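Asker: Before I ask anything, here is the structure I am working with.
The values are calculated or read from the model by the stated rules, or taken from the named source; none is laboratory data. Values in this document were obtained by computation on a predicted structure and should not be read as measured data. Cβ coordinates were reconstructed from backbone atoms using ideal geometry, including for glycine residues, and neighbour counts include every protein chain displayed. For accessibility, only protein heavy atoms count, side chains too; no ligands or nucleic acids. Shrake-Rupley method; radii C 1.70, N 1.55, O 1.52, S 1.80 Å.
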Amino acid sequence: MPENIQLIPVGLRTQGIDCSPDCKEVWVGSNEKRKIIVLITASNTQLTEVKAGAMPIRIKFSPNQASVLVSDLKARRRTHGNNIG
C-alpha cells in the first residue's frame, strides 16, 4: 500500500461519505452500525459517532457547512442534522 494512504476502521457495509467544505472532517455512513462516523482529517482519527437510522446511504454537507443531509434507504425519507464537528 502506498505510504500516503492510511486505513481507518469504521465498520462494515459503509456506503455514504462526504468531506466537509473546509476539508477538516470526513463523514462516513456505516450501515452495520446504523451510524455516521465522523473523522478528523488532520489526525486521521475518529471524532464521534452519530445515530443515523437503519441505512445511511448518502451524506452531503451544505456549502456553508451549517447542516448535513443524510438519506436513509430503509426509512425512504431524507433527514438532516447540524454539523457537530
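Asker: Using the Karplus curve 6.51 cos²θ - 1.76 cosθ + 1.60 with θ = phi - 60°, what ³J(HN,Hα) values do you get for each residue of region 40-49, in whole Hz, with x for Gly and Pro?
Answerer: Whole-Hz 3J(HN,Hα) from phi for region 40-49: 9, 6, 5, 10, 6, 10, 8, 8, 6, 10.
Asker: Please figure out what share of the DSSP beta bridges in the chain is antiparallel and state it in percent, rounded to the nearest 5.
Answerer: 100 percent
Asker: Assuming R0 = 30 Å, what is the FRET efficiency of L7 and K60, from their Cβ-Cβ distance, to the nearest 0.05? Before the final figure, lay out each step's value.
Answerer: Working: r = 24 Å, r/R0 = 0.80.
It comes out at approximately 0.80.
Asker: Could you tell me which of rounded, prolate or oblate describes the chain, using a ≥ b ≥ c as the square roots of the eigenvalues of the alpha-carbon gyration tensor, with rounded for a/c under 1.5 and, failing that, prolate when a/b is larger than b/c and oblate otherwise? Can you show the working numbers first?
Answerer: Numbers: a/c = 2.10, a/b = 1.29, b/c = 1.63.
Oblate.
Asker: Any idea of the accessible area per residue across region 1-64, 1.4 Å probe, to the nearest Å²? Walk me through the intermediate numbers first.
Answerer: Values: 4110 Å² over 64 residues.
For region 1-64, the per-residue accessible area is 64 Å².
Asker: Then there's this: Express the carbon and sulfur contribution to the solvent-accessible surface of the chain as a percent, rounded to the nearest whole number, probe 1.4 angstrom. Walk me through the numbers on the way to the answer.
Answerer: On the way: 3020 of 5720 Å².
Solvent-exposed carbon and sulfur of the chain make up 53 percent of the total.
Asker: Under 5 Å between amide H atoms, partner at least 5 residues away or on a different chain: which partners does L73 have, H built in plane at 1.01 Å?
Answerer: Here the answer is M55, I57, since their amide H atoms fall under 5 Å of that of L73.
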